[in-house]
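Working notes, structure below.
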Amino acid sequence: MKIIHSLLAALLLAPLAASHAAESSAPTGKPAPAGKLNIVLFLIDDLGWRDIGANGSTYYQTPNIDRLAREGVRFTDAYAACAVCSPTRAAVLTGKYPARLLLTDWLPNGRWEPKAKLQSGRFVRALPLEEVTLAEALREAGYRTASIGKWHLGSEPFSLPEHHGFDVNIAGNAHGAPGDFFYPYEGNWAIPTTGLRARWNVFPDGKPGEYLTDRLTDAAVKFIRDHRAKPFFLYFPHYAVHTPLQAKMEMVAKYEKIPETQQQGKPVYAAMVESMDESVGRVMATLRELGLEQNTVILFTSDNGGFYNATNNAPLRANKGAYYEGGIRVPLIVKWPGVARAGHVSAEPVTSTDLYPTCLAAAGLPPRPHQHIDGRNLQPVLAGGASLNRPAIFWHFPHYNDHPSSVPSGVIRRGSWKLIETFDPAGVELYNLAADLGEARNLAATEPAKTAELRRELEAWRREVGAEMMRPNPDYDPSFEQPQKGKKKRAAK
């Protein structure tokens with residue numbers, strides 16, 4: 001039955017379902033051995049690489065995240081598995097590249113331009129139930145599991161957190177963003193092609209002025225308190241700092257007073273970042289209060305680069321949706337007491353798929369090589385030891401996208417070399433990130449041997465993972481303006 005449901009989910013466009021909050025009270029899994037480490041995984045939405053103080057921002061106030069960096073290992077070359085959100089979330093929970101999963105675009109997009117030059121690659125509309133997620137692996141080992149916040153990997157009746165190993169699902173549904181960050185959090189918008197309208201409200205109760213980031217944190221703190229006696233896995237995918245850009249007025253006013261020449265982004269976005277940082281601080285304080293700090297692994301990262309016109313990603317080029325560094329390089333901090341060398345900074349290239357095997361290692365569990373086939377356990381790097389010796393990291397995005405600087409692309413990074421192959425317009429770009437972090441000098445013409453070598457490797461990888469490719473569109477209209485050249489910017493991606 002699970003297989004049938006998953007096949008149906010792959011064929012259907014996930015609807016914008018009604019919001020959901022659920023907790024299962026039934027016992028699950030086997031008793032956990034004494035001394036198992038708790039795991040807290042923060043996945044922030046649209047947080048840019050340089051949007052925290054630890055990565056060089058002097059504008060955004062992130063003292064709690066900065067403290068986490070001092071107490072753990074900060075990665076300078078960490079990457080999201082995709083430049084938009086849903087594929088990265090799938091990669092985190094499965095340990096597989098989005099191309100291998102055939103989940104390569106944000107859900108429930110499914111829209112493609114009928115007159116564009118190419119047809120977008122096909123992709124599934126929900127996280128397949130056949131995947132053994134990180135939550136399922138940990139629950140089997142006796143962990144209590146919770147997803148608190150954004151899901152965006154499917155909807156009723158096929159693919160919500162409770163279908164993928166989470167005992168608790170709070171605020172997770174098909175939506176990629178709330179209608180409003182203040183109670184009652186409702187949005188009211190049209191569902192494409194249906195003539196229907198959807199509303200977003202996952203909390204039946206609340207009070208005027210209540211802020212979503214704070215409300216989710218209340219739930220996270222309660223989960224920790226309620227389950228402190230046994231090992232737990234808290235997956236905390238914040239809706240912040242995604243659009244709509246809304247924040248507490250007093251915080252916004254503080255950043256508005258800073259001269260524009262010293263601002264890195266919009267004051268309202270800065271205030272959202274600060275509220276998100278306060279959330280991290282509250283969770284860390286709860287762990288300390290309960291005596292769990294030294295028994296808990298904390299991972300902090302983002303699902304893609306910073307959003308265009310909300311923050312400035314410099315010195316990185318471009319923004320969310322693009323396959324330049326500004327769209328895919330993200331913060332990553334890992335605190336693993338007794339393993340991660342406090343204050344260590346690593347330049348090892350790592351990516352979203354690595355979180356699954358790392359969490360299994362923290363739980364004392366063996367690897368699942370058939371599941372996180374693309375991920376690597378970061379434990380040796382956290383201890384300050386050897387490189388992962390990974391040949392390369394890959395991306396595949398066979399879709400049009402309205403984000404500025406975004407074009408359908410395939411990417412490989414090997415060492416300091418990065419090659420971007422664009423599908424429409426067809427082209428190739430080669431950069432040496434060690435010498436050109438801002439990707440200002442395309443070396444494809446001056447380094448033809450390196451370009452050809454990386455292109456062959458990228459093509460071989462696509463064959464190996466069964467990547468879905470774009471195809472010529474028989475209805476192509478040459479006069480049609482391609483989506484990436486347009487001025488629309490959909491906010492719900």
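Every read-out reported here was derived from the displayed coordinates using simple, explicitly stated rules and does not represent laboratory data. From a predicted model like this one, the values you see are computed outputs, not experimental measurements. Using ideal geometry, Cβ is built from the backbone for each residue, glycine included, and neighbour counts are taken over all protein chains shown.
For this structure, a couple of remarks:
- Under the combined filter of DSSP loop state and at most 14 neighbouring Cβ atoms within 10 Å, the stretch 228-289 retains these trypsin sites (Lys or Arg not before Pro): Lys257.
- Computed from label points 7 Å out along Cα-Cβ, the spacing between Glu250 and Met469 is 5.9 nm.
- In the stretch 7-389, the DSSP beta bridges split such that about 40 percent are antiparallel, to the nearest 5.
- Environment charge of His344, counting only residues whose C-beta is closer than 12 Å and scoring Lys/Arg +1, Asp/Glu -1: +2
- Nearest-0.05 FRET efficiency for Arg122 and Tyr476, computed from C-beta distance (R0 30 Å): 0.95
- Rounded, prolate or oblate (a/c below 1.5 giving rounded, otherwise prolate when a/b exceeds b/c) for the stretch 244-355 by Cα gyration tensor: oblate
- Convex hull volume of the Cα atoms of the stretch 276-317, normalised per residue: 96 Å³.
- Inter-label distance for Asn295 and Glu71, nm, one decimal - labels placed 7 Å from Cα along Cα-to-Cβ: 1.6 nm
- With semi-axes defined as the square roots of five times the eigenvalues of the C-alpha gyration tensor, the equivalent ellipsoid of the chain measures 31, 26, 25 Å, largest first.
- Using R0 = 41 Å, the C-beta based FRET efficiency linking Asp180 and Glu459 works out to 0.35.
- Cα→Cβ-extended label distance, 7 Å offset, between Ala426 and Asp205, nm: 6.2 nm
- FRET efficiency for Ala383 and Ile258, using Cβ-Cβ distance with R0 set to 45 Å, rounded to 0.05: 0.70
- Under the criterion of Cα pairs below 8 Å and six or more residues apart, the relative contact order for the stretch 148-293 equals 22 percent.
- C-alpha center-to-center spacing [the stretch 278-314, the stretch 39-110] in angstrom: 10 Å
- Which listed pairs, of Lys117/Lys150; Lys150/Lys335; Lys207/Lys266; Lys96/Lys266; Lys115/Lys418, have C-alpha distances above 25 Å, in listed order: Lys117/Lys150; Lys207/Lys266; Lys96/Lys266; Lys115/Lys418
- Using a cutoff of 8 angstrom between alpha carbon atoms and counting only pairs six or more residues apart, the relative contact order for the chain works out to 24 percent.
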